[in-house]
Every structure is written in structure tokens, then in C-alpha cells.
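Shown next, in C-alpha cells, is the structure this report addresses.
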Amino acid sequence: MSAAARTFWWTLTLAAVVGASGCSTYSHRVNGIRDSFYRNDLAGAEQQVRAGIERDSGDADVLRLEEAMICLANNRPAEAEKLLRAVRDNFDHLEQADLAESAMSYLTDDQRRAYAGEDYERVLVRALLALSNLLHDGSDAEAYSLQTIDKQEQIIAAGKDDKGQNPKQNYQRVALAPYLRGVLREASHHDYDDARRSFETVAAWQPEFAFAKHDVERAVYGRHSERGHGVLYVFALTGRGPHKEEAIEVPSSAALLIAGEILSATGKQSVPPNIAPVKVPRVVARRHDIQEIGVRVDGHDLGRTATITNVTNLAINQYDAIREQIVARAVARRIVKKGIVYGAKEASEMVKGTPASFAVDLAGVAWEATESADTRCWGLLPDQIQVLRVELPAGRHEIELAPVIRGATVRNAPSRRFTIADGDNTYLLAVFPSDRMVGQIAASRP
């Protein structure tokens, strides 16, 4: 094969790889789902999720996470649990590295890899499983809570590298998990020591949680509720949670530009100029004004919810801890691509500076330019998971939930009826991404 023919073959190969790379990011593809959800068009959001799964099976798991949030908001906790359980199992399977898939991602970008979830998502999928189960059955909620605690410890332990360093060591823990376990142990009316230890863990993991001290004291004295009373737990998913956006890694782009210029000037072959910037995903917070949820039962104000898990802080904390690894992978991908172009020229015995060499450089530039950061994420997570515990007489009650914004309570609050059982717990869940609730209030005991 002549040098010209080999050049033509390599150019076609690069063009084929370029064509296989996606140009749009996940965040752009799912904007419609999120917009519909926040407008309270849950049917429209769910329809778009299912269309997305049919269109791109590679995004199926992360889209099912979005669908689970839609089901929770729509008072369908059993369906949410089923979806979350399937994603949990798939994420566990995908944690086992697929070498072929990983290698292909170096030729395109990380969107070619099956999405195995971020560390915080693999933990929160179990925490939301516990909440979903509480709302319709409750038999597996404690097991899910224990899984949440175990999973985050497994993730942290696996973060240790060959040098003994572990960037995941300072990951923020999810206090919702031990809180739910404490709630369930306390409801047994005899495992108060277990409840106390769980609430003490909550206080250590989420020291800002306003009710931690009261929970510990109540467990110490072994009192669930007065005779003829039960306990209501109001869980609120407030605000709009974190999302990923594409960012330019400026220092790495500049370093690659300099290195490429040096190699092109001193080597046998040139490499494609570093025109395309290095792109990485970045976890960012979304602005919102909602602070907490005011709870009113039977016409009486009984308090406001407090944050048990700050999802946005959790996600950003974890991203910051492993950011260097994310950047290193993006840089390594660019180096691999430049190495392939350089090797193609060597194999074809090209002469530097010729039109053929220039043509391959152009193909290399186009190849690099198609990279997009992997912005797949669980976008319908809330900013915060909040809770309020209220002791009430057994019987039927009516609750109103009013968001608090800049210290003021929003009127025209949504309401619903529910039942309190003597000596037992009732769980309610509402989703407030803004001053307006999405969906309906879910109750374990209507």
C-alpha cells in the first residue's frame, strides 16, 4: 500500500471515529424532562423519559432515576421503589470495569461508557429506596437504610490508591440513612439503644440538623409517644438539586498546547494543534429561594422542617474531592488521541509538513473537537431532604404544607387528610422544588 493510500485510510478511520462521537451533552437532551417536572406536568415529563429510554438505551438507568422521582412526586412509591431497585442493581454491576468499553471511551469521550452513577448517586439511590418503601410498605426500609450506610463506607474504602492516599476519605456522609434506622428502631418500642446510637450518628454526620439533640434525648429516656398518640414524620424534598454542566479545563488545555507545539517542533512528525479545549463535567448548584416547609395540622402551626441531608453540598463535596482524577482522565484521552495520530503518520512514513501530514492533522483536530463532557446525572434530585417529627393523637387529621421563602410563609398551601395510629408512625412526603409543590402529598397511612 502506498503512503498516499495509507494516509487516505487513516483519515477515513479518524473520520469514522469522529462520526461515532456524540456532540450533544446529556444535560441538553433532558432539559425538556426537567422543565415539565418543575411545571408540574408529570405526565409530560414521564412520557419524555420513556421516549428517551427508547431512543438511547445507554442513558436508560439515569433516565429511570428521573422517572423514579416523578413517581414519588405522583404518589406512586411502589413504582419508584421498583425503578430505584433496578438502577441500584445495574449500578452495582457496572462498577466492575469494562475494559473494552473504557478503551473505546478514550477514542471518543466518556459518554460512550455505560453510566454507573456518581458516588453520591449510588448512595442516595439506596436512601430514596428506604423513603419509597416507608410510604407504601415499610418492611424493607431498615434494610435499605443499612445498605446506604454500608455502600458509602465501601465507596470510601475503595478510594485508596497505590500510594495509600484516599481522596474520598473526607466524603460527607448521608445522615438520612441512620436517621431512618433510628426512627424505625424507636417505633419498635424496645430497641431504644439502637435508636440512640443511630441518632448520635446523625448528630455527628449532620451537626446542623436542628432536631438531633431532641432525638437522642428521647431515645435515652425510651419514649416513642404518649398513650393514645402516634408520630407523624413529614419528609420534604425541597429546592432543585445539583446538576452537571460542561466546563473548559483551561490550565490543562494550555499545558497540552505547549506540549504539542514542542513535540511538533522537535519530533519527526507533527501532532494536531490543541485548538479544541479540554472539556470536563462540573457539578453546580441551582439557585432557589425555598428554606423549609411550615407544617400546620388541624389548623395549628406545629413547626418547620429541618435539613437531614443537603444533597447539593454532598454532590459538590464529592466532586471537589475527585476533581483531579476527572481532569487527569480527560487529559489522558487527549494524549491517547494525539498519540494515535502521531503513530498513524509514522506507520505511513509521512514527511512532516506535507499536505498529507496536514490533512491528518486536520482530521485529528476534528476528532478532538467532537469531545463532550459526560454531564449525565440524577437531575431531579432535590437540593435538600428535610424532615419534621410531630406527635399527634390517634385518628384522622388534616395537614397543610407551606414553603418558607426568605422567612415568609407562602399561603394557599396544599393539604391532605391522613391517619395517625396509636403508638405507630405515619410518613408523609412532598416535593417542593420551588414555592409550588409538584404532584401530591404521599402518605403511608391515608
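The values are calculated or read from the model by the stated rules, or taken from the named source; none is laboratory data. All of these numbers come straight from a predicted model, not from anything done at the bench. Ideal geometry is used to build each Cβ from the backbone, glycine not excepted, and the neighbour counts take in all protein chains shown.
Brief remarks follow.
- Within region 286-340, the set of residues being outside any strand (DSSP E or B), of a type in the set (G, A, S) and modelled with pLDDT of 95 or more comprises just one member, A315.
- The set of residues from region 388-425 being surrounded by fewer than 21 Cβ atoms within 10 Å (Cβ to Cβ), of a type in the set (S, T, N, Q) and under 20 Å from H224 (Cα atoms) comprises just one member, T419.
- Checking every residue in region 435-442 against the condition of being over 24 Å from G182 (Cβ atoms), among the small types (G, A, S) and either outside any strand (DSSP E or B) or modelled with pLDDT under 95 (or both) gives zero matches.
- Which numbered condition L381 misses (of (1) at pLDDT below 95; (2) part of a loop (DSSP other than H, G, I, E, B); (3) of a type in the set (A, V, I, L, M, F, W, C)): (1)
- Selection within region 402-436: residues that are without any contact (Cβ under 8 Å) to a residue 60 or more places away in the chain and not polar (S, T, N, Q). The member of this set that is farthest from N74 (Cα to Cα) is A408.
- Listed by position, the helices (runs of 4 or more DSSP H) inside region 104-212 whose residues that are closer than 30 Å to A332 by Cβ and within 20 Å of the chain's Cα centre (by Cα) number at least 1 are 119-136, 141-157.
- Taken together, the criteria place E245 among residues that are modelled with pLDDT under 95 and either closer than 25 Å to G117 by Cα or touching a strand residue (DSSP E or B) at 6+ places or on another chain (Cβ under 8 Å) (or both).
- Filtered residue count, region 400-427, keeping only those that are assigned to a strand (DSSP E or B), of a type in the set (A, V, I, L, M) and out of contact with any Leu (no Cβ under 7 Å at 6 or more places or on another chain): 5
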